[in-house]
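Participant: Attaching a single structure in structure tokens format; questions to follow.
Each value in this text was obtained by applying a stated rule to the coordinates, not by laboratory testing. Because the structure is predicted, anything quoted here is derived from the model rather than measured. Positions of Cβ are backbone-derived with ideal geometry, glycine not excepted, and every protein chain shown enters the neighbour counts.
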Amino acid sequence: MGSPRVELSQALAIILASPCLRFVLKLPQTMRLFSFIAASILAMLLSGCGFVYKMEVNQGNYVTEDMAAKLKEGQTRQQVRLILGSPTTESIFHKDRWDFAYSLERRGKPITSHKLTVLFADEKVKSWTVAGLPTSPVVDRDPAYANLEKDKKSDEGGTSWWSKLGDWWRR
């Protein structure tokens, strides 16, 4: 009832009887070494060794300057939650503090990060601090668009080749 067992000697006999192995064993020593190296390199290339896909990681709340501009002193927690969404962290030690943090990583490298901290007093907004909030959601969210914005400001003072190509493509 058990699975058929192949003994080690039978497995070696099957491998040694294969035509490929017999061909390789008839080659001179240097050719065998070259064949082994070539086969190893080919196996690594075909397996994608070193080309591991790393996913884009968005963490936290994406808050822009436009959203932060809607904050006003005296707003309730519910109003802040409506404007900014749920806070990333609500500390049990600091009940009057909400943090809205955001970070973006591509291929394991940090691209951007922002932080907004809202402080409450008597369940109303007392103050808030911002650190590096983006101006618009499109430019900062995708670094490819951010690079487009940087390319528009070329050193010569004219339009860059990238923006010219983009204008030509949109026509």
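Participant: Run the quick spin-label model on SER91 and ASP167: label points 7 Å from Cα toward the beta carbon, then report their separation in nm to one decimal.
Facilitator: With each label placed 7 Å out from Cα toward Cβ, I get 5.0 nm.
Participant: Between THR112 and residues 5 or more places away or on another chain, which pairs have amide H atoms under 5 Å apart, with H built 1.01 Å from N, and which residues are they?
Facilitator: Amide H neighbours of THR112: LEU104.
Participant: Over 24 Å between Cα atoms, which of LYS109/LYS164; LYS70/LYS124; LYS70/LYS95; LYS54/LYS164; LYS70/LYS126 qualify?
Facilitator: Beyond 24 Å: LYS109/LYS164; LYS54/LYS164.
Participant: Same structure again: Take the Cβ-Cβ distance between GLN10 and SER40 as r, set R0 to 45 Å, and report the resulting FRET efficiency rounded to the nearest 0.05. Provide the component values of the computation, followed by the final result.
Facilitator: Values: r = 27 Å, r/R0 = 0.60.
My answer for the efficiency is 0.95.
Participant: Could you give me the ³J(HN,Hα) list for segment 79-87, computed from phi with Karplus coefficients 6.51, -1.76, 1.60 and θ = phi - 60°, whole Hz, x at Gly and Pro?
Facilitator: 5, 5, 4, 5, 6, 9, x, 6, x
Participant: Now a separate question. Please list the non-local residues whose amide H lies under 5 Å from the amide H of SER160, H modeled 1.01 Å from N, same-chain partners needing a gap of 5 or more.
Facilitator: SER154
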